[in-house]
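The values are calculated or read from the model by the stated rules, or taken from the named source; none is laboratory data. As the structure is a computational prediction, the values presented were derived from the model and not from experiment. FYI the Cβ positions are ideal-geometry reconstructions off the backbone, even for glycines, and counts take in every protein chain you see.
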Amino acid sequence: MISEDKKNKFRELVPLGAIFLAAFAVRLIYLLKVKDLPFYIFPLGDSAVYYQRAQEILSGKILSPEVPFLGSVFYPYFMSAILLLSRHSLFWVSLIQIIIGSLTCLFTYQLSLKLSKSRIAALLSGFTAAFYGPLVFLDADLLMISITVMAVAGGLLLLLKAREDKKARWALAAGLLLGLACLDRANLMLFIPVAAACLYSRRSEEKFNPAFAALFLTGLLAVILPVTISNSLHNRDLVLTGSNLGVNFYIGNNQEARGVFLLPEGSGLENSDLYQSSKAVAEKEAGRELKPSQVSRYWLGRGLQFVKSHPLEEARLILRKGGLFFNAYEIPNHLNFYFIKREYAPVLNIAFLGFWLIGPLALAGIFWLIRGGINRAGMLGLLFLAAYLISLLPFFITDRYRLPIVPVMIIFAWDLVARMASHLRLRHYSVLAAQLLTIGLMALLVNLPVQEFPYSSDRIEVSRTYLERAMAQKDPGGSDIRRAVEGLKWALESSQPFDPWMAPGHFHMARAYAYLGYYSGAVGELEKLKRLKGENSPADEALRLVREEYERTGDLVTVGEIPQTPFERARELTSAGDYLAAISIYREILERDPFHLGAINHLGLIFYDQGQYHLALGVLDRGLENLPDSELLTKNICQVYRRMGREQTAQDIWKRFRERNQNTNEKSSAI
């Protein structure tokens with residue numbers, strides 16, 4: 001006979017197993033879809049930096065040769081250990097990460113039990129984390145965020161267990177986990193005093209040992225201090241973890257800041273190498289070589305100068321960041337979640353849940369929880385949310401920076417649903433109606449439209465990886481080079497002249513053309529790059545070499561052999577007078593990429609030429625919603641209104657545009 005205790009334990013394990021298996025399955029499906037794509041094989045952005053550092057560690061350079069610029073100091077060591085054990089397989093790195101991400105779902109389930117005491121709410125919380133799109137997407141990415149989210153959820157759970165069970169080991173373990181999270185997101189340090197205070201109680205009936213707070217801090221420092229000591233002794237620079245605090249603060253606080261990662265024009269900062277460019281500007285200003293901490297202080301000072309001299313603008317910026325923090329849109333900073341889902345991994349549609357649902361439910365849940373009385377788990381979660389929000393507002397908002405709050409938001413969301421179900425059973429219809437009204441108001445706020453990010457920057461980077469693989473495999477006639485050329489062309493034809501990714505787009509387009517032997521095309525792209533970068537640019541030497549090769553051999557392929565984009569085919573059809581076929585292709589392009597400036601403009605032009613002015617305005621107006629700083633679209637909208645005899649409307653639109661976009665440098669002509 002199986003004892004009753006064993007039956008109860010088995011019943012407790014069943015939901016945990018179901019949640020873990022569901023979470024792991026959906027993440028594995030996504031990972032298997034992307035593991036052979038070149039943007040996974042050739043890591044991009046921050047992932048490339050961590051991968052390079054992991055290779056240095058494997059080569060014997062255990063201590064970093066300089067103070068790390070990026071956060072995630074632990075991640076290259078984590079990555080190198082798995083690469084060593086798996087014979088250099090990035091797939092295994094992501095596989096371990098999706099296991100860690102699946103653990104996050106279990107911690108979310110257990111946190112929900114602590115908050116609501118409802119198994120239904122806990123199950124819904126666990127499965128929501130399992131099918132939460134951005135969690136699935138980023139758990140497989142070569143970044144530390146999957147570990148960080150797990151460490152935050154696990155750390156909060158252990159803090160509660162330490163209070164309830166009065167076990168010192170839970171306090172120590174909570175410190176270790178939250179210390180690990182701080183190595184990635186240093187802004188989490190603001191929550192540490194709050195967490196330590198939560199472990200100490202003055203209520204005599206609990207007879208709680210204040211040493212638990214000391215054990216918690218000991219665990220935290222055991223993780224962080226080795227990095228700080230290494231920076232101080234090995235690199236002779238006192239930096240807690242990474243040295244990017246100052247430049248991140250400046251990016252979040254300057255005249256052009258919008259609350260997201262956007263490098264101000266003329267700042268000298270380059271996205272391709274943010275550390276070296278930030279260092280070069282600071283050292284030029286100082287007239288001497290600077291340590292990483294001094295570079296950070298320079299940019300921190302510039303950001304603080306803006307805050308002091310523009311207090312009203314800073315206040316508006318803080319409010320904007322708060323709105324973005326709680327907005328449904330996932331703001332990209334590495335790879336664009338929506339672009340990857342649309343173009344390369346439609347399987348992400350399985351992970352259909354997102355902030356659009358969780359945000360309104362959680363915010364409404366917090367309101368009603370505070371109003372009706374909040375327990376210890378709820379208070380800890382609320383204090384974490386407040387501390388994390390306050391710590392992030394001085395910088396900028398991105399999808400992965402927001403991700404650590406998601407488990408906490410999930411448990412607040414389903415706690416409210418459980419309470420509403422209880423009110424329904426008890427026929428408390430007035431309370432239920434008020435709660436539904438609160439959810440509706442929060443849904444309106446969370447799902448307010450914001451300017452979304454175009455896909456062109458991501459398309460250029462992803463196309464570059466196709467080019468890298470084609471060149472590595474020495475296959476100029478294969479599908480990779482075709483996809484590289486098509487992707488780079490698409491990105492360039494869909495962008496505005498002042499977009500910051502135009503320069504790398506032209507550069508990689510030139511590389512692709514030169515690899516194919518289309519040297520005249522490569523020369524043309526490098527000349528465009530030179531015009532963007534000015535004299536004495538890095539393009540000069542490349543332009544000289546390609547010109548020499550072109551003069552020596554001429555083009556080895558014809559223009560007709562270069563892959564075409566759908567946009568180019570649509571333009572050919574327009575020239576041939578086949579407007580219906582061209583319109584069909586333009587609409588297909590905009591279905592895939594609603595930010596494609598060329599397709600928007602040319603589709604509007606067809607309707608304009610045919611005298612269908614209302615259709616032209618519909619296309620151009622929708623385009624301007626996605627690209628509100630496009631001078632080209634605005635001028636053409638004005639021209640349509642003039643043709644319709646509405647001169648005053650055209651003038652008003654143009655005036656509003658110039659007031660909104662005083663810094664726009666686009667030079668364009670109307671239809």
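Structural remarks
- Set side by side, the residues ALA280, ALA315, ALA257 differ, and just one is farther than 21 Å from CYS182 by Cα, loosely packed, with under 15 Cβ neighbours inside 10 Å, among the hydrophobic types (A, V, I, L, M, F, W, C) and not assigned by TED's automatic domain parsing to the domain that holds PRO394, which is ALA315.
- The residue that is nearest to PRO449 (Cα to Cα), among those in region 340-357 that are surrounded by fewer than 21 Cβ atoms within 10 Å (Cβ to Cβ) and of a type in the set (Phe, Trp, Tyr), is TRP356.
- Residue among VAL417, VAL406, VAL485 that is at pLDDT 95 or above, among the hydrophobic types (A, V, I, L, M, F, W, C) and closer than 25 Å to LEU532 by Cβ: VAL485
- The lone exception for LEU426 - which of (1) over 21 Å from MET379 (Cβ atoms); (2) modelled with pLDDT of 95 or more it fails: (2)
Conditions tested, residue by residue: (1) farther than 20 Å from VAL149 by Cβ; (2) hydrophobic (A, V, I, L, M, F, W, C); (3) surrounded by fewer than 18 Cβ atoms within 10 Å (Cβ to Cβ); (4) in contact (Cβ under 8 Å) with a residue 60 or more places away in the chain.
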{"site": "VAL93", "(1), (2), (3), (4)": "no, yes, no, no"}
{"site": "THR104", "(1), (2), (3), (4)": "no, no, no, yes"}
{"site": "PHE107", "(1), (2), (3), (4)": "no, yes, no, yes"}
{"site": "GLN110", "(1), (2), (3), (4)": "no, no, no, no"}
{"site": "LEU124", "(1), (2), (3), (4)": "no, yes, no, yes"}
{"site": "PHE127", "(1), (2), (3), (4)": "no, yes, no, yes"}
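- Per-region count, region 468-486, residues touching a residue at least 12 places away in the same chain (Cβ under 8 Å) and either out of contact with any Leu (no Cβ under 8 Å at 6 or more places or on another chain) or surrounded by fewer than 17 Cβ atoms within 10 Å (Cβ to Cβ) (or both): 8
- If the condition is being among the polar types (S, T, N, Q) and either modelled with pLDDT of 95 or more or in contact with a Leu (Cβ under 8 Å, 6 or more places away or on another chain) (or both), then region 60-85 contributes SER72, SER80.
- Pairs are defined by a Cβ separation below 6 Å, a sequence spacing of at least 6 or placement on different chains, a first member in region 614-628 that is surrounded by 15 or more Cβ atoms within 10 Å (Cβ to Cβ), and a second member that is hydroxyl-bearing (Ser, Thr, Tyr); the pairs so defined are ALA616/TYR608.
- Criterion: in a helix (DSSP H, G or I) and within 23 Å of GLY365 (Cβ to Cβ) - qualifying residue of ALA174, ALA122: ALA122
- Scanning region 19-47 for residues that are part of a helix (DSSP H, G or I), touching a Phe, Trp or Tyr at 6+ places or on another chain (Cβ under 8 Å) and surrounded by fewer than 19 Cβ atoms within 10 Å (Cβ to Cβ) yields a total of 2.
- ASN271 vs. criteria of a type outside the set (Val, Ile, Thr), touching a Pro at 6+ places or on another chain (Cβ under 9 Å) and over 30 Å from PRO538 (Cα atoms): no
- Scanning region 221-245 for residues that are under 17 Å from TYR401 (Cβ atoms) and either assigned to a helix (DSSP H, G or I) or in contact with a strand residue (DSSP E or B) (Cβ under 8 Å, 6 or more places away or on another chain) (or both) yields a total of 1.
- Within region 348-405, the set of residues being basic (Lys, Arg) and more than 25 Å from MET420 (Cα to Cα) comprises ARG400, ARG402.
- Every pair of residues 6+ apart whose Cβ atoms lie under 7 Å, when the first sits in region 319-334 and is surrounded by fewer than 20 Cβ atoms within 10 Å (Cβ to Cβ) while the second is of a type in the set (Asp, Glu): ASN333/ASP399
- Residue list for region 127-142, filter: farther than 18 Å from ILE411 by Cα and out of contact with any helix residue (DSSP H, G or I) (no Cβ under 6 Å at 6 or more places or on another chain): ASP141
- Candidate set from region 16-73 (those that are under 19 Å from the mean Cα position of the chain (by Cα) and among the charged types (D, E, K, R)); member that is farthest from LEU95 (Cα to Cα): ASP46
- Among residues of region 540-568, those that are among the basic types (Lys, Arg) and either closer than 21 Å to GLY477 by Cβ or exposed (fewer than 10 other Cβ atoms within 10 Å of the Cβ) (or both), counted: 1
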